[in-house]
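The values are calculated or read from the model by the stated rules, or taken from the named source; none is laboratory data. Owing to the predicted nature of the structure, the values given are computational and were not obtained by experimental measurement. Here Cβ is always computed from backbone atoms with ideal geometry, including for glycine, and neighbour counts include all displayed protein chains.
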Amino acid sequence: MKSTITTALSSLTLLILTTALTTACSGDDPSPDADTKFLLQNRTFYLHHADGFTPVKNTEIRLAFWKSEMYYRAGCNGMSGDFGIRNGILVSTYRNSTLMRCNDDIMDQEKWYADFLWRKPSVQIDGDYLALAIDLVTMYYYDRAIDEPDAPLTNQVWSTSHCRTHDSNAEQSDNIRPWFKLSENGKLSSFDGCYTGDGTFQVSYKKPTFGTIRFGKLTYTNTDCPKSIPQANSEPGNCFEPVFAGIADFRIEMNSLLIGPDEYTGFYASAR
């Protein structure tokens, strides 16, 4: 695996050199920027190696992208900001960071890495491989999914962990683990800890790991709820109802699924 990644990144080095020559001859061409941003979205990249920079030993450097948000880590704290691509350049803004205290070498590396990303490095992406470069430093990354594949959305039983609503962010009881399954034939089946449900759905994929789901009407089967079931789960649907009642966005990363109609409502689930 390591040799395959190294070979692919060597090819990416040639692509960087070729692109630099082409850009110098053709001038700015912003048309590929939207394509590059789309290729980065909902992906996490791990640093493989770098030219002009030596990471602190035994630290993991990563870079993740969502819609217009960027998340990065260089050994200790998680940092985030917004990002865009302009004329092949990564343009980012700082939003926030965790505040853990680590040894000085790692803290210095974090500061250096954040500065590197803010200085607008050039971006090259080729399949599962990414390179960022500015001045004499080039950082070579590979997609996390090479080592840690993502679970499929369909034909997979998803077990919910906690619900998000406009009023709360409640974790599910350890004694109750609601689940649902989206079959490839467009059928939805669910169990909320008390009621079983059946319905239909249609998926619009932007990528295999994120997109939009349009749900049809969900029909519940009334059952006698055991007394051990908390009152929150004694009504049909509980946290499923706001999601399965219309249109919801979804995002998968490894064995985790985030699904909901907006940023305040929905639930997290894990693949069984």
Residue that is exposed (fewer than 14 other Cβ atoms within 10 Å of the Cβ), in contact (Cβ under 8 Å) with a residue 24 or more places away in the chain and within 22 Å of SER256 (Cβ to Cβ), where the choices are ASN155, ASN96:
ASN155
Quick one: is SER122 under 20 Å from the mean Cα position of the chain (by Cα) and either assigned by TED's automatic domain parsing to the domain that holds MET254 or farther than 30 Å from PHE267 by Cα (or both)?
no
If I filter the range 96-111 for residues that are part of a helix (DSSP H, G or I) and touching a strand residue (DSSP E or B) at 6+ places or on another chain (Cβ under 9 Å), do I get at least one hit?
yes
All but one of (1) part of a strand (DSSP E or B); (2) under 18 Å from MET254 (Cβ atoms) hold for LEU132; which doesn't?
(2)
Over the range 242-260, the set of residues surrounded by fewer than 16 Cβ atoms within 10 Å (Cβ to Cβ) and modelled with pLDDT under 85 is ALA245
Among the residues of the range 251-267, the number that are of a type outside the set (Gly, Ala, Ser), over 17 Å from THR44 (Cβ atoms) and not in a loop (DSSP other than H, G, I, E, B) is 2
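Count, please, the residues in the range 186-213 that happen to be of a type outside the set (Phe, Trp, Tyr) and within 19 Å of ASN255 (Cβ to Cβ).
7
Give the residues of the range 185-217 that are at pLDDT 85 or above and either among the β-branched types (Val, Ile, Thr) or assigned to a loop (DSSP other than H, G, I, E, B) (or both), sorted by residue number. Walk me through it before giving the result.
Start the filter on the range 185-217 by keeping residues that are at pLDDT 85 or above, which leaves 185-191, 196-217.
Within the range 185-217, ASN185, GLY186, THR196, THR200, VAL203, PRO208, THR209, THR212, ILE213, GLY216, LYS217 meet the criteria.
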Inspect all residues belonging to the range 171-184 and state whether any of them is at pLDDT 90 or above and either assigned to a loop (DSSP other than H, G, I, E, B) or surrounded by fewer than 15 Cβ atoms within 10 Å (Cβ to Cβ) (or both).
yes
Filtered residues of the range 36-70 (kept if at positive phi and surrounded by 19 or more Cβ atoms within 10 Å (Cβ to Cβ))
ASN42
Would you be able to tell me the number of residues in the range 241-268 that are hydrophobic (A, V, I, L, M, F, W, C) and within 18 Å of the chain's Cα centre (by Cα)?
8
